[in-house]
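Computed from the coordinates by the stated procedures, all read-outs in this text should not be read as laboratory data. Remember, predicted model here, so these are calculated numbers, not experimental data. So basically every Cβ, Gly included, is an ideal-geometry build from the backbone, and we count neighbours across all protein chains shown.
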Amino acid sequence: MELWYAYSLSALVLLGGQRFLYKVAAARNCSTFMTTFVFMATVALLAGAVTLIRQPEINAPGFLIFISLANSLTFASATLCHIQALKHVPAAVAYPLIRMNIVLVVLFAVFFLQESLALQQVLGLMFSLATVWILGRDRSSDFQNGLRGRGLLLVFLAMLAGGLSAITCKFAADHTDIWAFITLSYIFSPLFTLALSPRMFAGTQDQGQGRLALGIGLVMGLLNLAGFYLFLKALALGPLSIVAVVNGMHFLVPVLLAVIFFKERLDASRLLGLGMALAALWLLRA
């Protein structure tokens, strides 16, 4: 097994566990803002300590700041939309749709990074679109009355922002120090979260479960730090189109855990959608 592939699989498990905690935070009525802010601040502090100990030599500090700002803005937007969407859309629908940002990432890798796209990957893109259509048609009672449109809009925004975030990670992994990038990204991310949260979710912020939100945010930070580092290592050693596809599989972890712990049902339509998503991600591999 290639080292970058092992890194990708490890990141899949860790980031999948972190994404499941999004569902826990939403189900326990934790503040989206507090959970996200604590998680990002935890990563910033720990990564900053590692960076200070290592004292890396930064050859292009301007590029490091720019790519960190770009990643922070897109990642903060994706995270806020992701958590808030789970308050309106079942995990079995939200996670697969959000992870279809892999289509955006693969297309970028092909047209801008000149990575080749085989016939099976073209089929994978078609399966991805079919997945969006199947899961987007879900009209079950799991959707809160009158909020289906809002939930799917948040899912779409999380999908788009997440894809852009992954692309910035590839440039950072190839051209700058990984730990310095993580540190700056998560220093900027809480600031963007502070700025975006009141505007995006004015009047919808939950106030309860403050201590639980703190605890969930801390655990999310630990899982994300380890998973994000391994993801960046995989990107530095392997191609974006493959690493992003493997990492995109992490949505299966929270979906399955939601079925186990939150008793979310998997009817025929959702099972078909999950199957199509798995087929798409498998076909999109190099």
For the chain, modelled as a GNM with alpha-carbon contacts under 10 angstrom, which of 22, 229, 186 fluctuates the most? 229
Estimated 222 nm signal from helices in the chain, with DSSP H stretches of n ≥ 4 weighted -39500 (n - 2.57), rounded to 500: -26500 deg cm²/dmol
Sequence of 263, 170 once ranked by neighbouring C-beta atoms within 10 Å, starting from the fewest: 263, 170
How many lysine pairs are close in the chain, with Cα atoms under 24 Å apart and the two 8 or more places apart or on different chains? 4
Explain nothing, just the number: relative contact order of the range 1-137, from Cα pairs under 8 Å at least 6 residues apart, as a whole percent. 27
Once phi for every residue in the range 114-129 is put through the Karplus expression 6.51 cos²θ - 1.76 cosθ + 1.60 (θ = phi - 60°), the whole-Hz ³J(HN,Hα) values, with Gly and Pro written as x, are 6, 7, 7, 10, 7, 4, 5, 6, 4, 4, x, 4, 5, 5, 4, 5
Ascending count of other beta-carbon atoms within 10 Å, so fewest first, for 2, 264: 2, 264
Length-normalised contact order of the chain in % [C-alpha pairs under 8 Å, at least 6 apart]: 45
Equivalent ellipsoid dimensions for the chain as semi-axes, Å, which come from the Cα gyration tensor, largest first: 28, 25, 16
Which translational diffusion coefficient, to the nearest whole µm²/s, is obtained for the range 1-144 from the Stokes-Einstein equation, given a Kirkwood hydrodynamic radius over C-alpha pairs, 25 °C and 0.890 mPa s? 135
